[in-house]
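These notes are about the structure you will find just below.
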Amino acid sequence: MAMFHFNLNTFAEVERRYDSVKPIRTTGQVPLGDRARKWEHIIKVNKNKYVRMDKIPDDEGNRFWCGSTKEEIARAPVTWTRCAHTGIEKIRVRNDYGDTCHNQRYSFLARALPRCMDFLVQHGKQYVIHGDTNHYLPKSTWVNSHMYKSLIDMRTSHGETRWNTQTMTKTDDGKYLDFERDSFKSREQWTCTTARHKQPVTRIKISPDKRKYYEAIREYAEWAWVMQSILMNRDHYDWEHQRLIRQQCGDAVTDSDVFRDMLIDPTDERRSPVAIAILGEISEYDWQTQTSSPPEDEKKFMSRFKSQVDKLANFKIKYQDYK
């Protein structure tokens, strides 16, 4: 089963491919490449519109994922249209829906876009590359009507679903990229006509709960700075010693509430093993001496130590934003 790069570059090439390939007898689909990969096919909507698909509509064996032919055509990965009078060609590129990974769609787009475009997956986000510009292609929330009904039914019966139905829609959410060009002038000069989509980013903010721990954090970090030569010795690098230290830390390194209680109690016996564990996290490895040691610069030491305290106390809150 071969995966062909069918990077058709003009509407005429799309039209020629459709007219020249014999349909699969059992399904009537016109394959784009290997006939064994019948789900990768092309549909002629009318003489000025073709869509390239990576799934078979009305697939009874996969009913949850595949909607009707009309729905799947509307949500096709690549839609190519042409104005016969002006010579303006347009393509619309869509990602799949939901926040999960869609390797089948990514592979298809990488092989189905025009030859002058590339498809990129980077840091969990997808882009269509044209020229020197990476155009962000967001995932959609538009699902077929059968899937939407199934999600509603599951929420009604089970109280929750894999996807939040409040973020899923039955109508077009506009999360696509449109490109157009004058085919009478150029085969390569596409222009993106879609406004730039905002990209989701994970940001971190400090919990307001940290305010009442400022003094305790400062004292703990200063104590660790003074005591580091005693806390870290050659036994620190022994695996058995590290296991013992983790055992002595107990829940203080896994439960943020326990860690916070320890932080404000100077008599807590776990303060020393927890400090040793933190020193191990902030230590830097020296390839010449083949040993690890905390930063020698006091400001750098304090910054890294407090950062680990924020992590263990769960003072750093991650949230989704857009840029």
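The values are calculated or read from the model by the stated rules, or taken from the named source; none is laboratory data. Quick caveat: nothing in here was measured; it's all calculated off a predicted structure. We place every Cβ from the backbone using ideal geometry, glycine too, and count neighbours over all the protein chains shown.
Of all the criteria given as (1) exposed (fewer than 15 other Cβ atoms within 10 Å of the Cβ); (2) touching a residue at least 24 places away in the same chain (Cβ under 8 Å); (3) over 23 Å from the mean Cα position of the chain (by Cα), the one not satisfied by Tyr213 is (1). Among the residues of region 194-210, those identified as more than 19 Å from the chain's Cα centre (by Cα) and either under 30 Å from Ser307 (Cβ atoms) or touching a residue at least 60 places away in the same chain (Cβ under 8 Å) (or both) are Lys205, Ile206, Ser207, Pro208, Asp209, Lys210.
Among the residues of region 49-63, is any surrounded by fewer than 21 Cβ atoms within 10 Å (Cβ to Cβ), closer than 19 Å to Thr193 by Cα and not polar (S, T, N, Q)? Yes. Find all pairs meeting these conditions: Cβ atoms under 9 angstrom apart; at least six residues apart or on different chains; first residue within region 287-314 and in a helix (DSSP H, G or I) and at pLDDT 90 or above; second residue of a type in the set (Phe, Trp, Tyr) and surrounded by 18 or more Cβ atoms within 10 Å (Cβ to Cβ). Every condition considered, the pairs that remain are Phe305/Tyr220; Lys306/Tyr220; Val309/Tyr213; Val309/Tyr220; Val309/Phe259; Val309/Phe315; Leu312/Phe259. Quick check: is even one residue across region 76-86 of a type in the set (A, V, I, L, M), under 17 Å from His197 (Cβ atoms) and either in the same structural domain as Val143 (by TED's automatic domain parsing) or part of a loop (DSSP other than H, G, I, E, B) (or both)? The answer is no, given that none of the residues of region 76-86 is of a type in the set (A, V, I, L, M), under 17 Å from His197 (Cβ atoms) and either in the same structural domain as Val143 (by TED's automatic domain parsing) or part of a loop (DSSP other than H, G, I, E, B) (or both). Kindly provide the set of residues from region 162-196 that are hydroxyl-bearing (Ser, Thr, Tyr) and either under 29 Å from Lys323 (Cβ atoms) or modelled with pLDDT of 80 or more (or both), ordered by number. Answer for region 162-196, where residues must be hydroxyl-bearing (Ser, Thr, Tyr) and either under 29 Å from Lys323 (Cβ atoms) or modelled with pLDDT of 80 or more (or both): Thr165, Thr167, Thr169, Thr171, Tyr176, Thr191, Thr193, Thr194. Summed over region 1-31, residues that are among the aliphatic types (A, V, I, L, M) and closer than 22 Å to Arg82 by Cβ total 5. When region 166-193 is examined, which residues are found to be free of Cβ contacts under 8 Å to residues at least 24 places away in the same chain and closer than 21 Å to Gln122 by Cβ? Matches in region 166-193: none. Screening Asp268 against (1) out of contact with any Lys or Arg (no Cβ under 6 Å at 6 or more places or on another chain); (2) surrounded by 11 or more Cβ atoms within 10 Å (Cβ to Cβ); (3) in a helix (DSSP H, G or I) leaves a single unmet condition, (3). Just one residue in the set His146, His130 is surrounded by 13 or more Cβ atoms within 10 Å (Cβ to Cβ), on the phi < 0 side of the Ramachandran plot and at pLDDT 90 or above; that residue is His130.
Does region 81-105 hold any residues that are closer than 25 Å to Met168 by Cβ and either of a type in the set (Gly, Ala, Ser) or in contact with a Phe, Trp or Tyr (Cβ under 7 Å, 6 or more places away or on another chain) (or both), and which are they? Reasoning before the result, please.
Taking region 81-105 first, the residues closer than 25 Å to Met168 by Cβ are 92-105.
Listed by number, the residues that qualify are Arg92, Val93, Arg94, Tyr97, Gly98.
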